[in-house]
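To start, the structure under review is shown below, and the notes come after it.
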Amino acid sequence: MPLTVRVDVKTERLIQWLARKRGRSKSEVIRDAIDILAKRAQEQEKAERPYEAVRDLIGSVRGGPSNLSERTGDRFQKMLRDRLRRG
């Protein structure tokens with residue numbers, strides 16, 4: 001299927017250089033470049049998002065104190081102060 005693409009002079013020269021270097025037509029060079037770009041996009045979509053990497057660790061936990069999320073800032077400050085005193 002014919003498709004017309006307009007490119008600047010620099011890009012045209014680059015396409016011509018690649019075609020000569022690889023012994024291929026300009027159309028083949030452009031098709032190859034699009035194919036590479038599409039494969040990269042597909043790989044990025046498949047790449048694991050941060051959530052996916054730890055999803056098995058996220059959730060409810062049974063056991064332990066029920067108030068672990070209360071006043072965590074206060075507890076953290078106390079922990080830091082205790083460490084500074086010891087070290």
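Readers should treat all values here as calculations from the given coordinates under stated rules, not as data from a laboratory. All of these numbers come straight from a predicted model, not from anything done at the bench. Cβ: placed from backbone, ideal geometry, glycine included. Neighbour counts: every protein chain shown.
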HN-Hα couplings for the range 66-79 via Karplus (6.51, -1.76, 1.60; θ = phi - 60°), in whole Hz with x for Gly/Pro, come out as 7, 10, 4, 8, 8, 6, 5, x, 4, 5, 5, 4, 4, 4
Please give the calculated 222 nm ellipticity per residue for the chain, where each DSSP H segment of at least 4 residues contributes -39500 (n - 2.57) and the sum is spread over every residue; nearest 500 deg cm²/dmol?
-> -20500 deg cm²/dmol
May I ask you to sort Val5, Val29, Val54 by Cβ crowding, counting other Cβ atoms within 10 Å and putting the fewest first?
-> Val5, Val54, Val29
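Can you sort Lys10, Lys26 by how many other beta carbons sit within 10 Å, fewest first? Mind dumping the intermediate values first?
Numbers: Lys10 8, Lys26 13.
Starting with the residue having the fewest Cβ neighbours, the order is Lys10, Lys26.
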Run the dipole for the chain about the Cα centre, Lys and Arg Cβ at +1, Asp and Glu Cβ at -1, nothing else charged, and hand back the magnitude in debye, nearest 20.
-> 460
Degrees, to the nearest 10: 9-22 long Cα axis against longest axis of the chain = 80
Rg and Dmax of the range 1-50, using alpha carbons, in Å: what are they?
-> 14.2, 43
What ³J(HN,Hα) values, in whole Hz, does the Karplus curve 6.51 cos²θ - 1.76 cosθ + 1.60 give for the range 31-43 when θ = phi - 60°, with x put for Gly and Pro?
-> 4, 4, 5, 5, 4, 4, 5, 5, 5, 4, 5, 5, 5
With a point put 7 Å past each Cα toward its Cβ, work out how far Thr72 is from Val54 in nm, to one decimal.
-> 1.0
Enclosed volume per residue, in Å³, of the convex hull spanned by Cα atoms of the chain = 299
